[in-house]
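Asker: Sharing a structure here in structure tokens format.
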Amino acid sequence: MGLFSDIKVLYHLVFKRVRGNTHAQRMDSFYGGQADDYDSFRKRLLQGRQELWEKVPTPVGGVWVDMGGGTGNNLEYFGPRIKEIGKVYVVDLATSLLGVCQKRADQNGWSNVKPVEFDATKFVPEEGMADVVTFSYSLTMIPDWFAAIENALKILKPGGLIAVVDFYVARKYPAEGHAKHGWFTRHYWPTHFASDNVFPSPDHLPFLERHFETVLLNESKGKIPYIPFSRMPYYQFIGRKPNPGQTRIS
């Protein structure tokens with residue numbers, strides 16, 4: 001069953017043509033046939049998620065927004081503490097993935113979880129503000145990723161946290177203290193992922209660091225299933241929204 005599921009996912013990743021005139025249509029075209037097999041494969045592909053979630057303090061009674069949260073698999077990383085959160089919004093444009101999320105919430109009795117079909121660049125929670133906003137391997141799939149980060153900054157309460165884990169490649173000349181990637185890494189991986197509309201960027205981290213106070217930053221590499229000797233860079237970032245009147249030092 002595991003191998004069959006992997007083959008099904010790999011077919012959609014490698015061979016299935018993505019169709020649609022809008023980003024939402026393309027997302028559903030890409031994920032529609034693999035939604036039920038999505039989590040198992042990506043648990044090995046998308047690394048560092050659980051470790052990051054465990055490092056974000058639980059906003060007891062507060063609001064957590066997971067942008068591009070898809071099937072809601074990230075919610076499993078909360079464990080029992082998920083019931084301490086007032087409301088968890090799982091925001092995505094792929095209706096097929098949100099359907100899996102709703103089933104997961106129903107099966108676990110998570111009445112505080114609400115899947116929402118919406119654009120991450122425009123979503124605002126019903127409460128008006130959020131305590132935590134997360135992006136788990138979703139910024140690389142959002143065309144206007146910079147607008148998604150700016151929207152997160154807008155809806156976060158002063159002192160609120162943003163947490164991001166995603167693929168990336170370093171700039172040719174990264175800032176001091178940051179990882180440096182060779183020519184092959186910087187050029188091969190963006191080309192490799194582009195066919196799936198995934199765009200590892202050298203600009204995510206600089207943009208995040210410019211808008212938020214860095215609480216945690218980890219740059220690492222992980223293996224890609226079925227590609228021998230592969231090591232794809234990814235980062236984990238937690239940032240805090242500055243309080244009003246506080247000067248940002250860039």
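The values are calculated or read from the model by the stated rules, or taken from the named source; none is laboratory data. Treat the numbers as computed from the prediction; the structure is a model and nothing was measured. Virtual Cβ from ideal backbone geometry, glycine too; neighbours counted across all protein chains shown. Remember, those area values only see protein heavy atoms, side chains included, never the ligands or the DNA or RNA. Shrake-Rupley method; radii C 1.70, N 1.55, O 1.52, S 1.80 Å.
Asker: Looking at the structure I just gave you, is ASN108 among the polar types (S, T, N, Q), within 17 Å of the chain's Cα centre (by Cα), farther than 12 Å from MET67 by Cα and open to solvent by 40 Å² or more (accessible area, probe 1.4 Å)?
Answerer: In short, no.
Asker: From the residues in the stretch 176-192 that are hydrophobic (A, V, I, L, M, F, W, C) and under 22 Å from the mean Cα position of the chain (by Cα), which one is least open to solvent (accessible area, probe 1.4 Å)?
Answerer: TRP189
Asker: Follow-up question, since we're still on this one. How many of the residues in the stretch 193-212 are more than 18 Å from PHE146 (Cβ to Cβ) and open to solvent by 40 Å² or more (accessible area, probe 1.4 Å)?
Answerer: Qualifying residue count, the stretch 193-212: 1.
Asker: So ASP36 fits all but one of (1) under 16 Å from the mean Cα position of the chain (by Cα); (2) modelled with pLDDT under 95; (3) assigned to a helix (DSSP H, G or I); (4) not small (Gly, Ala, Ser); what number is the exception?
Answerer: Among (1) under 16 Å from the mean Cα position of the chain (by Cα); (2) modelled with pLDDT under 95; (3) assigned to a helix (DSSP H, G or I); (4) not small (Gly, Ala, Ser), the lone unmet condition for ASP36 is (1).
Asker: One residue is enough: does the stretch 119-132 have a residue meeting the conditions within 26 Å of TYR234 (Cβ to Cβ), modelled with pLDDT of 95 or more and among the polar types (S, T, N, Q)?
Answerer: So far as the stretch 119-132 goes, yes, one or more of its residues are within 26 Å of TYR234 (Cβ to Cβ), modelled with pLDDT of 95 or more and among the polar types (S, T, N, Q).
Asker: Moving to a separate point now. I'm trying to understand the selection: among the residues of the stretch 118-129, which are surrounded by 14 or more Cβ atoms within 10 Å (Cβ to Cβ) and not β-branched (Val, Ile, Thr)?
Answerer: Of everything in the stretch 118-129, those that are surrounded by 14 or more Cβ atoms within 10 Å (Cβ to Cβ) and not β-branched (Val, Ile, Thr) turn out to be PHE118, ASP119, ALA120, PHE123, PRO125, GLU127, MET129.
Asker: Quick check: anything in the stretch 85-103 hydrophobic (A, V, I, L, M, F, W, C), part of a helix (DSSP H, G or I), at pLDDT 95 or above and more than 17 Å from the chain's Cα centre (by Cα)?
Answerer: The answer is no; no qualifying residue exists.
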